[in-house]
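Notes follow once the structure below has been shown.
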Amino acid sequence: MAETATATRSRIFHEIDFDKPGKQIGYLRVPQSRDGGAWSTIEVPIALINGSKGPAVLFTGGVHGDEYEGQIAGARLARRLDPQSLRGKVILMPAVDLPAALVGRRMCPIDGRDFNRCMPGDARGSFCQMLAHFIDTVIMPRVEVSVDVHAAGNAMEAALSTTMHWVNDAKVMERTRALAENFAAPYNVVFWGVDEGGTLASAAERHGALSISSELGGYGRVSVEGLRVAERGLDNVLKWMGMIEGEPDTSQREGGRTRHMEVRDQRSYVFAPSDGLFEPRYLPGQRVRAGELAGYLHFIEEWARLPMPIEFRIDGHVWMAPGSGRVRKGDVVAVIMQEYAGV
Ligand code: CA
């Protein structure tokens, strides 16, 4: 079995000592042989802030390179956190898929993969697979809570939200909901029956960690409000867990607290029935009804072809709106969330 042991050992090297107190800021060096660089590595930023004894959390950003709020909030928090006034341990990876982050794209330009479909990874695989394997075997076993900050990328914009999976365990559901409420985005969206086995969030769940993700902006730019919610959210989680001083600020601009929503019904997804130029007739967060106009699909290349109306299929609020203009047949042009109805 010696061969198996060799095959599963990470090829990534680093100088982080996960048990040493204090602040360590460094890199995971992922081997990447290339023309002109036989022993070259890609250096993925990682920070460990280790205070007095307490819980351990993982904050990740930049799992998709065209989502920026988590990259900024994570790097800023790493610089700001003082181990002297921290109870427990914070592991920060603000730009997980660094090559994708450097070019502002969803997919990794090194191996063409979506990092968030690569867990639990492969020690001998491609860049994303090696990194996923490292996170799955070295980092996830050490943390009790994982917060993965996403936005909707170049193609979409989201109503500012945390997200969580529905799991068949009432206690885990209750604690995850509490985590989301204390992160305190305007919405918390619960997903049903999604095969998300390859995501970071799913990997955290498999390791028994509480896990939320988020959708805090989109359209390929830094959302002012999304970044505010991200930075406050990370602070709030640390406060809620008693790791830093203070009480979480869970107030919302529109009053009240985080609204719990769900995406359960397949009719939540509105698809483009043809290639074209999509004209949305709604904004993220807007309340809509089944049968209402979602938008028009335009066929600019043909005078004879009239714009095609596309309707919403259920009542709810717009969670995801497209931003790319041109869409292809089968693309999602809106995702609707509904009030959380529970089990
Ligand atoms: Ca994403």
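A convex hull fitted to the Cα coordinates of the stretch 267-339 yields 70 cubic angstrom per residue. Measuring max minus min along each principal axis, the C-alpha atoms of the stretch 1-84 give extents of 41, 35, 20 Å (largest first).
Where a ≥ b ≥ c are the square roots of the eigenvalues of the C-alpha gyration tensor, would you call the stretch 195-252 rounded, which needs a/c under 1.5, or, failing that, prolate if a/b is larger than b/c, or oblate? Because a/c hits 1.5 or more and a/b fails to exceed b/c, the stretch 195-252 counts as oblate.
If you take the beta carbon distance between PHE18 and VAL222 as r and set R0 to 35 Å, what does 1/(1 + (r/R0)^6) give as a FRET efficiency, to the nearest 0.05? Could you put the intermediate results ahead of the total?
Details: r = 31 Å, r/R0 = 0.88.
So the FRET efficiency works out to roughly 0.70.
Annotation: amide H-H contacts under 5 Å for VAL288 (H modelled 1.01 Å from N, sequence separation of 5 or more, or interchain): GLY316, HIS317, VAL318.
Considering only SER268, SER85, SER146, the mean-square fluctuation computed in a Gaussian network model of the chain, springs between alpha carbons under 10 angstrom, is largest for SER85. Phi angles of the stretch 19-24 translate, via the Karplus equation with coefficients 6.51, -1.76, 1.60 and θ = phi - 60°, into HN-Hα couplings of 10, 7, x, x, 10, 10 Hz per residue; Gly and Pro are given as x.
Counting only DSSP beta bridges whose two residues both lie in the chain, roughly 65 percent are antiparallel. The translational diffusion coefficient of the stretch 83-171, from Stokes-Einstein at 10 °C and 1.306 mPa s with a Kirkwood hydrodynamic radius over alpha carbon pairs, comes to 104 µm²/s. Our analysis of the stretch 152-293 gives Rg over Rh at 0.98, with the two radii drawn from alpha carbon positions and Rh computed by the Kirkwood formula. Taking a Cβ cut-off of under 14 Å around ASP66, the surrounding Lys, Arg, Asp and Glu residues balance to a net charge of -3, with basic ones at +1 and acidic ones at -1. For the chain, a Gaussian network of Cα nodes joined below 10 Å ranks GLY218, GLY255, GLY233 by mean-square fluctuation, and the top entry is GLY255. The count of lysine pairs in the chain that are at least 8 places apart or cross chains, and whose C-alpha atoms lie under 26 Å apart, stands at 12. Based on C-alpha pairs under 8 angstrom that are at least 6 apart in sequence, the chain has a relative contact order of 15 percent. Other residues with beta-carbon under 11 Å from the beta-carbon of TYR27 carry, at +1 per Lys or Arg and -1 per Asp or Glu, a net charge of -1. Given a 10 angstrom Cα cut-off, can you work out which residue in THR163, THR199, THR60 is the most mobile in a GNM of the chain? The residue that fluctuates most here is THR199. The tail of the calculated P(r) for the stretch 7-263, taken as Cα-Cα distances beyond 30 Å, holds 22 percent of the pairs.
How high is the relative contact order of the stretch 52-198? Use alpha-carbon pairs under 8 Å, at least six apart in sequence, and give a whole percent. Intermediate values should be presented prior to the final figure.
Values: 261 pairs, mean separation 37.1, N = 147.
About 25 percent, as a whole number.
Looking at the stretch 1-110, the GluC sites (Glu not before Pro) that sit in a DSSP loop and have at most 12 other Cβ atoms within 10 Å of their own Cβ are GLU15.
In a reduced charge model with +1 at each Lys and Arg Cβ and -1 at each Asp and Glu Cβ, the chain shows a dipole moment near 420 debye about its Cα centre.
Read the figures in this text as sums done on the coordinates, not as results from a lab. Computed from a prediction, not measured in an experiment: that's the story for all the values here. Heads up, the Cβs are rebuilt from the backbone with ideal geometry, glycines too, and the neighbour counts pull from every protein chain shown.
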